[in-house]
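Some notes on the structure that comes next.
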Amino acid sequence: MKIDLSKYKYKRIVCFDYGLKRIGFAVSDELHITIRPVKVFDATSKSLFDDILQELKAQKTGLIVIGQPILYDGQSSEVLEAIENFREKLSVISGVDVVLYDENFSSKEAMSMMVANGKKKKDRRKKGNLDMTAAAVILRNFLNENE
């Protein structure tokens, strides 16, 4: 599904790579040219949505993208239900437009990107690095498809 990004020009677009334990977070610049992995949120934290809301305000967010795995067999899963709940709550508390985008293979692509960029094996194994990088990959793919 194509999205007209012209209404988000000069606003940052952020992306979440949702996981049941950790949520990777990446952000674009206002012109949607560069993307950087920013942080990882603890999905089990009681202050999760307060922490996210604070980050969204700090980033002056215009659009939120959430990676969603597409299951080709049409079945639902615990993660898909959790992502939908996350999307709904995020939309309500932030007042920012939220879209879902296919994240299939983003973790594999993120790992390849870290290897290509010369990240040491020790750094690639650190919890959260893959999640942040996957969020950046999802956001880059989303922007490439919609601009």
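The values are calculated or read from the model by the stated rules, or taken from the named source; none is laboratory data. A quick note: this is a predicted structure, and the numbers were derived from the prediction, not measured. Every residue, glycine among them, receives a Cβ derived from its backbone with ideal geometry; neighbour counts consider all protein chains shown.
Key figures for this structure:
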{"read-out": "Filter pass, Ile3 being outside any strand (DSSP E or B) and surrounded by 12 or more Cβ atoms within 10 Å (Cβ to Cβ)", "value": "yes"}
{"read-out": "Count of region 6-45 residues which are more than 10 Å from the chain's Cα centre (by Cα), outside any strand (DSSP E or B) and among the aromatic types (Phe, Trp, Tyr)", "value": "2"}
{"read-out": "Filter result for the condition that a residue is at pLDDT 90 or above and out of contact with any strand residue (DSSP E or B) (no Cβ under 8 Å at 6 or more places or on another chain), over Asp50, Asp42, Asp123", "value": "Asp50"}
{"read-out": "Top-ranked residue of region 6-52 - restricted to ones that are buried (at least 16 other Cβ atoms within 10 Å of the Cβ) and β-branched (Val, Ile, Thr), ranked as farthest from Leu90 (Cα to Cα)", "value": "Ile35"}
{"read-out": "Of residues in region 91-105 being out of contact with any helix residue (DSSP H, G or I) (no Cβ under 7 Å at 6 or more places or on another chain) and at pLDDT 80 or above, the one farthest from Asp50 (Cα to Cα)", "value": "Asp102"}
{"read-out": "Verdict on Asp73 being at pLDDT below 95 and among the acidic types (Asp, Glu)", "value": "yes"}
